[in-house]
Amino acid sequence: MPKSSSDLSQGDETTPSRVDRRVQEFRARVLETAETLFAERGVEATKVDDICEAADVAKRTLCNHFPTKAHIVQALSREAVSRLVALVDDARESGRSSRERVQLLFKGLLARTSELGPVHRESVGAFFQVAHGTSDAAEGEVRLSAAVHALIEVGGPGELPPNIKAETFAELVLGAIYSTTLEWVHRDDYDIETRTAEIGAFLVSLLPAREVE
């Protein structure tokens with residue numbers, strides 16, 4: 001049966017146009033290339049011309065989407081927040097108790113930190129610096145905070161330490177994520193893998209163990 005005009009209009013609203021797809025593909029290619037170069041060379045040492053050459057795009061076209069390198073870093077910062085929120089959401093959905101959810105979260109964080117190298121430290125530091133004080137930074141903090149609060153709240157008060165609210169424990173988890181990241185950014189001798197594992201184990205130890213079906 002042929003589609004009605006209303007059906008076609010609804011499909012147009014939900015399906016990206018060819019132009020939209022091309023824009024998305026272009027931005028994805030630029031950001032993927034930039035992230036790779038930042039990891040290999042560092043943010044400061046990577047020039048916009050380097051990104052253009054590696055991504056095989058014209059500088060004028062790139063600058064239409066990302067006027068400066070700072071805009072590229074800011075876009076990568078948003079993607080990093082999205083990946084972190086996805087990690088929290090996955091732990092919430094996969095765990096069967098608050099204790100198991102927190103275990104899964106820090107297991108995921110530990111796997112993430114094991115992939116970070118010295119140059120990545122500069123990238124993460126640049127993400128914090130560029131995003132600081134912007135609306136993107138505030139939005140990212142709200143998204144991450146909401147994800148962590150949802151992870152803790154889903155278990156109910158019976159899965160928390162005595163006299164501790166879900167909001168309070170969620171703030172402890174958030175604080176651990178922020179503090180380990182910032183310590184790693186600013187201290188060359190900071191062992192982020194060890195600290196993430198130790199802090200995660202400590203937070204898990206505060207949660208009551210219970211049988212799960």
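The values are calculated or read from the model by the stated rules, or taken from the named source; none is laboratory data. On a predicted model such as this, the values are computed, not experimentally measured, just so you know. Methodologically, a virtual Cβ is constructed for each residue, glycine included, from the backbone with ideal geometry; neighbour enumeration extends over all protein chains shown.
A few points about this structure:
- Scanning region 57-72 for residues that are within 16 Å of residue 35 (Cβ to Cβ) and not basic (Lys, Arg) returns 57, 62, 65, 66, 70, 71, 72.
- Checklist (1) at pLDDT 95 or above; (2) surrounded by 13 or more Cβ atoms within 10 Å (Cβ to Cβ) applied to residue 167, failing item: (2)
- For region 37-92, filtering for residues that are within 27 Å of residue 109 (Cβ to Cβ) and of a type in the set (S, T, N, Q) leaves 4.
- Residues of region 74-96 that are surrounded by 19 or more Cβ atoms within 10 Å (Cβ to Cβ) and over 15 Å from the mean Cα position of the chain (by Cα): 92, 95.
- Count of residues meeting criterion [surrounded by 13 or more Cβ atoms within 10 Å (Cβ to Cβ) and in a helix (DSSP H, G or I)] in region 179-197: 11
- Output for region 34-86, where each listed residue is part of a loop (DSSP other than H, G, I, E, B) and closer than 30 Å to residue 148 by Cα: 43
- Within region 165-178, the only residue that satisfies the criterion of being farther than 17 Å from residue 103 by Cα and in contact (Cβ under 8 Å) with a residue 12 or more places away in the chain is 167.
- Looking only at residues of region 87-101 that are of a type in the set (Ser, Thr, Tyr) and either part of a helix (DSSP H, G or I) or in contact with a Pro (Cβ under 8 Å, 6 or more places away or on another chain) (or both), we find that the one that is nearest to residue 177 (Cα to Cα) is 98.
- Residue check, residue 36 modelled with pLDDT of 85 or more and not assigned by TED's automatic domain parsing to the domain that holds residue 140: yes
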